[in-house]
Amino acid sequence: EKKELEQYIGKPTVTKDGASIELVANIGKPEDVEKVLHYDGEGIGLFRTEFLFMDRTSMPTEDEQFEAYQKVAVAMNGKPVIIRTLDIGGDKEIPYMGLKKDENPFLGYRAIRFCLDRKEDVYKPQLRALLRASAFGNIRIMVPMVTCLEEYREAKALVEALKKELDEKGLAYNKDIQVGIMVETAAASLMADVFAKEVDFFSIGTNDLTQYTMSVDRGNDKVSYLYSPLNPAVLRSIRHVIECGRREGIMVGMCGEAASDPLLIPLLLAFGLNEFSMSASAILNARKLITGYSIKELQAVAEKAMSFSTVKEVEDYMKEFISRI
Ligand code: PEP
Ligand code: MG
């Protein structure tokens, strides 16, 4: 099996009917890049920077962050590197940040909400480090857990202000750096047509989008039976986001677990997803699956799958489809 997959190393990720798909990886630390290169990832679709902040007793400095981001950008040698700004709160705690325990952590003081409240000591140093590192490769900035346009605008304005600061100091950075958002809340999905006119790219975070669409804590076993990206509600949300992004001509990726799910890949291709981001070890199998499909032929499959009313029907249908090929 391993040998069979190895033949996909170095092959382009192109569907049978000629659509080029970006097959990229999720990482948590600069060291993870080694595995990405080993499995022939075409870039980084999600660098979860919170791991740089965890397992230590104080915040990483701007310079420490710069080094980490630069290392990844250089190692990826011009390939896209999407770096997500700090996503703490929710289930991720960082003791030295002085956060009180939220009653409902996933609905509380998390990610961009926290960062915009802590501009001086947290967000600006991170964004400055990202901008400085952007001189060394193809870095893109991604804002997590966005629910409304104002959050994106505020983050984007900070980036612009920091660019001016770097200009004044004569420090190098990529003036055209892209700033995109994770689409992982119900609000962002419903407003995707509006966001698509302003942001540089979307990456759908199905781990949270499923949680926030189904109102089910992603870590709670008692209600995990409700947690499925194949639920028709979640599928409609995903399809809508992809359509809105495509209409405005921006890249639409996915960096949640669903991106590597063999039952979902045919549907995501049919919806028009441009980029699939997953753990490095899943890349070659995904390339095998994607290169075996023709997007045109998948349209009817997607249409049928979207006609069902329950997750069970969708799942049974997709399992049956997979077993036929
Ligand atoms: C997601 O929510 O799908 C995602 C990729 O981010 P995380 O799992 O880090 O919340
Ligand atoms: Mg998320």
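Each reported figure results from applying straightforward, stated rules to the coordinates on display, with no laboratory input. Here the structure is a predicted model, which means the values were calculated and not measured. Cβ placement follows ideal geometry from the backbone for every residue including glycine, while neighbour counts extend to all protein chains displayed.
Taking other Cβ within 10 Å of each residue's Cβ, how do Phe106, Phe195 sort, fewest first?
Values: Phe106 16, Phe195 25.
Least to most surrounded, the residues fall as Phe106, Phe195.
At a Cα cut-off below 27 Å, give the lysines reachable from Lys16, other chains included and same-chain residues fewer than 8 away excluded.
By straight Cα distance, Lys16 reaches Lys2, Lys3, Lys79, Lys288, Lys296, Lys304, Lys319.
In nm, to one decimal, how far is the Ala172 label point from the Asp17 one, both placed 7 Å along Cα→Cβ?
4.4 nm
Among DSSP beta bridges lying fully in the chain, give the percent that are antiparallel, nearest 5.
Details: 2 of 29 bridges.
Here the antiparallel bridges make up roughly 5 percent for the chain.
With everything on Cα atoms, drop me the angle between helix 62-75 and the longest principal axis of the chain, reported from 0 to 90° to the nearest 10.
Approximately 40 degrees, to the nearest ten.
Which value at 222 nm does the chain reach when only helices count, each DSSP H run of 4 or more adding -39,500 (n - 2.57), with the total divided by all residues and rounded to the nearest 500 deg cm²/dmol?
On the way: 15 runs with 143 residues, N = 325.
Value at 222 nm, helices only: -12500 deg cm²/dmol.
Quick check for you: which residues of the stretch 61-76 have the amide N under 12 Å from the point 7 Å beyond the Cα of Ala161 toward its beta carbon?
The answer is none.
Return the whole-Å distance between the Cα centroid of the stretch 16-84 and the Cα centroid of the stretch 91-154.
Each part reduced to its Cα centre gives a spacing of 17 Å.
So if we plug the beta-carbon distance of Asp102 and Ile9 into 1/(1 + (r/R0)^6) with R0 = 56 Å, what FRET efficiency do we get, rounded to 0.05? The partial results should precede the final answer.
On the way: r = 44 Å, r/R0 = 0.79.
The calculated FRET efficiency here is 0.80.
For the chain, what ratio Rg/Rh do Cα atoms give with a Kirkwood hydrodynamic radius? Working shown, then result.
Values: Rg = 19.4 Å, Rh = 20.2 Å.
With Rg and the Kirkwood Rh in hand, the quotient comes to 0.96.
What FRET efficiency would be calculated for the residue pair Asp55, Asp91, taking the C-beta separation as r and a Förster radius of 22 Å, to the nearest 0.05?
Values: r = 15 Å, r/R0 = 0.70.
Given R0 = 22 Å and the Cβ-Cβ separation, E is 0.90.
Over the chain, what relative contact order in percent results from Cα pairs under 8 Å that are six or more residues apart? Write down the numbers at each step before the final one.
On the way: 588 pairs, mean separation 64.8, N = 325.
Averaging sequence separation for qualifying contacts and normalising by length gives 20 percent for the chain.
So which residue, out of Asp55, Asp200, Asp91, gets the largest mean-square fluctuation from a GNM of the chain using Cα contacts under 10 Å as springs?
Comparing Asp55, Asp200, Asp91 in a Gaussian network model of the chain, the most mobile one is Asp55.
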